[in-house]
């Protein structure tokens, strides 16, 4: 990903990328969100490849953002508020290593902020179960197939979207109203 001057990149895996992409597209300061695969050992994986969980990849999003408008820490706050970081390799009914919770950091600052944020959530007992979100260095990010991009906005009436994603968007609009584009 080639970034515009002053922009940064964040890569987050929080289960199904349709869900995370839909949330982060709504935020002020986010220029783009790309759904894809990261953290595995197969070159150029496809959706079909990663669905069985054998490639080691996570469904993830790569966010291009303006840190003058929204910080990496604020992205993490929303990340942890809109998925369950306490379930290993699972989000809702989605089960497998490809649905894990993981932060792929691009620099030492992102690594440190991630560690500090998880420590804070743990200290404050924000979740009733331990946080299992991994923090790993970013590796090669493979963009998912075109039909996965902007999925929710193109398929919001589909059953999965209505049941799984719409409640996340409604929570976002209620709790983070001041951080939204509209």
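Values in this text are rule-based calculations from the coordinates and carry no lab data. Owing to the predicted nature of the structure, the values given are computational and were not obtained by experimental measurement. Cβ: placed from backbone, ideal geometry, glycine included. Neighbour counts: every protein chain shown.
Sort out for me the Cα centre separation of region 1-36 from region 134-182, rounded to whole Å.
A separation of 9 Å, based on Cα centres.
Quick one: compute the contact order of region 8-168, relative version, from alpha carbon pairs under 8 angstrom and 6+ residues apart, as a percent.
Values: 302 pairs, mean separation 51.8, N = 161.
Taking the mean separation of contacting Cα pairs over the length of region 8-168, I get 32 percent.
Ranking request for peptides 101-111, 160-170: highest mean number of other beta-carbon atoms within 10 Å first, then the rest in descending order.
On the way: 101-111: 18.5, 160-170: 16.0.
The most tightly packed comes first, giving 101-111, 160-170.
Among 18-31, 71-84, how do they line up by average Cβ neighbours within 10 Å per residue, starting with the highest?
On the way: 18-31: 21.3, 71-84: 19.5.
In decreasing order of mean packing, 18-31, 71-84 become 18-31, 71-84.
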